Amino acid sequence: MKAVVMNRPGDRDVMDYVAWPDPQPGPGEVLVTVAAAGVNFMDLGVRQGKAWTDTPDPKVMGVEGAGTVRAVGAGVTDFAPGDRVAWVYAPGSYAEQLVILAASLVPVPEGIDDKTAASVMMQGLTASHFATDFYPVQPGDVALVHAAAGGLGLLLTQIIKLRGGTVIGRVSSEEKAAVARAAGADHVIIDTAGEFAQQARALTGGKGVDVVYDGSGPVTFQGSLDALRPSGTFCWYGPVLGAPDAIEIMSLPRSIKLGYAVFSDHIPTPALLRQHAAQLFDWIARGQLMVQATTAYPLQEAAQALADIESRQTTGKLLLIPAGR
């Protein structure tokens, strides 16, 4: 099979599209033919040497995707060859084939195509965690969503709206503002310098927002603090873009609550993984959650896809498509 590997930590030149040994499923495992693999900031962190440091190089990149079961290992009863499946975390997903634990797979229902399924696993489950678990949005809540035109931001905006919340989206350009509005953002702030807090507070009549979802790195950290109402919640994520300096907890203003949200805490068991994924698929099937236009690259152009997501100039979800899919 063909796969995309990184030979050492570094820039895009450390990635190669190579022939790689065909995997074989062991007990409890499933062999999947990959139809589409998701591109995520997590992958950028791996390439830069910030994650998977215990796994020797060269290693196959990627963690997310959708495809079809090709074979199953001993003891697997939940899936059979021909079943359509998706996954949110399986190292080695930038490949034509993948072996994954059956417990890490979710069934993909009829009516949900492979590209859609691959597009909502990582970002959809993360958005679900943020808006229904880490801070369960209630009707009337006002949320500030950073990177509102990105794949995660677009899904998060829609889930907040489904729960009766109001969304203030922050984006970096007028083009992205139009994308965020199309997803349902009630207000959009165009900002690249981290000077958005005053606008956000003005949009709430000076009260501040109930919750901030911020994965934009240290440049926005102080502004997000300033935008919150008393006892508001700061949902921090996205360490690939860097973290703020050490925080003096007694300096936190207005009794706010600050936490680092990790999507894996939303799906700690196979049952919860499948329950939350099924909810996403149901929203999509009902037309309540729209997956914005994806950008698809051939698998061999994975280095370019990661460069594009790193540039912060993309909107929606980026996918890699193996040859012949």
Original post:
Which residue, of I247, I284, is at pLDDT below 95 and hydrophobic (A, V, I, L, M, F, W, C)?
Top reply: I247
Original post:
Of all residues in the stretch 296-319 being within 15 Å of the chain's Cα centre (by Cα) and in a strand (DSSP E or B), which is farthest from E175 (Cα to Cα)?
Top reply: L319
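Could you list all residues from the stretch 38-73 that are of a type in the set (K, R), farther than 23 Å from D113 by Cα and touching a Leu at 6+ places or on another chain (Cβ under 7 Å)?
Within the stretch 38-73, R47 is the sole residue that qualifies.
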Original post:
So, of the residues in the stretch 228-243 that are among the aromatic types (F, W, Y) and assigned to a strand (DSSP E or B), which turns out to be modelled with the highest pLDDT?
Top reply: F234
**OP:** Give the residue that is surrounded by the most Cβ atoms within 10 Å (Cβ to Cβ), with candidates limited to residues of the stretch 209-220 that are in contact with an Asp or Glu (Cβ under 8 Å, 6 or more places away or on another chain) and within 21 Å of V137 (Cα to Cα).
**Re:** V211
Original post:
Here are T192, T126, T204, T166: which of them is out of contact with any Leu (no Cβ under 7 Å at 6 or more places or on another chain) and under 25 Å from N40 (Cα atoms)?
Top reply: T192
Subject >> Residues satisfying the stated conditions in the stretch 79-103, i.e. in contact (Cβ under 8 Å) with a residue 24 or more places away in the chain and small (G, A, S) >> reply: A86, A90, G92, S93, A95, A102, A103
Subject >> Every pair of residues 6+ apart whose Cβ atoms lie under 9 Å, when the first sits in the stretch 193-205 and is within 17 Å of S216 (Cβ to Cβ) and among the charged types (D, E, K, R) while the second is part of a helix (DSSP H, G or I) and open to solvent by less than 20 Å² (accessible area, probe 1.4 Å) >> reply: E195/G223
Original post:
Looking at the stretch 123-176, which of its residues are of a type in the set (K, R) and crowded, with 24+ Cβ neighbours inside 10 Å?
Top reply: R170
**OP:** Consider Y260 carefully, then state whether it is out of contact with any Cys (no Cβ under 9 Å at 6 or more places or on another chain), open to solvent by 20 Å² or more (accessible area, probe 1.4 Å) and closer than 30 Å to L320 by Cβ.
**Re:** no
Subject >> Meets criteria (in a helix (DSSP H, G or I) and either of a type in the set (A, V, I, L, M, F, W, C) or surrounded by 12 or more Cβ atoms within 10 Å (Cβ to Cβ) (or both)) for A246 >> reply: no
Original post:
Residues of the stretch 16-37 being open to solvent by 20 Å² or more (accessible area, probe 1.4 Å), hydrophobic (A, V, I, L, M, F, W, C) and either within 29 Å of I112 (Cβ to Cβ) or touching a helix residue (DSSP H, G or I) at 6+ places or on another chain (Cβ under 8 Å) (or both), which ones?
Top reply: W20
Original post:
Out of all the residues in the stretch 289-325, which are in contact (Cβ under 8 Å) with a residue 40 or more places away in the chain and small (G, A, S)?
Top reply: A296, A302, A303, A305, A307, G316, A323
Original post:
Any idea which of (1) among the small types (G, A, S); (2) open to solvent by 50 Å² or more (accessible area, probe 1.4 Å); (3) in contact with a strand residue (DSSP E or B) (Cβ under 7 Å, 6 or more places away or on another chain); (4) under 22 Å from Q158 (Cα atoms) is the one A182 doesn't satisfy?
Top reply: (3)
**OP:** Look at A86 and say whether it is among the hydrophobic types (A, V, I, L, M, F, W, C) and under 22 Å from L306 (Cβ atoms).
**Re:** yes
Subject >> Criterion violated by F130 - all others in (1) within 14 Å of the chain's Cα centre (by Cα); (2) at pLDDT 95 or above; (3) closer than 23 Å to L320 by Cβ satisfied >> reply: (3)
**OP:** Take the stretch 249-295 and flag every residue that is in a strand (DSSP E or B) and either within 30 Å of V76 (Cα to Cα) or hydrophobic (A, V, I, L, M, F, W, C) (or both).
**Re:** L258
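The values are calculated or read from the model by the stated rules, or taken from the named source; none is laboratory data. Given the structure is predicted, the values throughout are model-derived calculations rather than measurements. Methodologically, a virtual Cβ is constructed for each residue, glycine included, from the backbone with ideal geometry; neighbour enumeration extends over all protein chains shown. These accessible areas exclude ligands, DNA and RNA; they are computed on the full protein's heavy atoms, side chains included. Shrake-Rupley method; radii C 1.70, N 1.55, O 1.52, S 1.80 Å.
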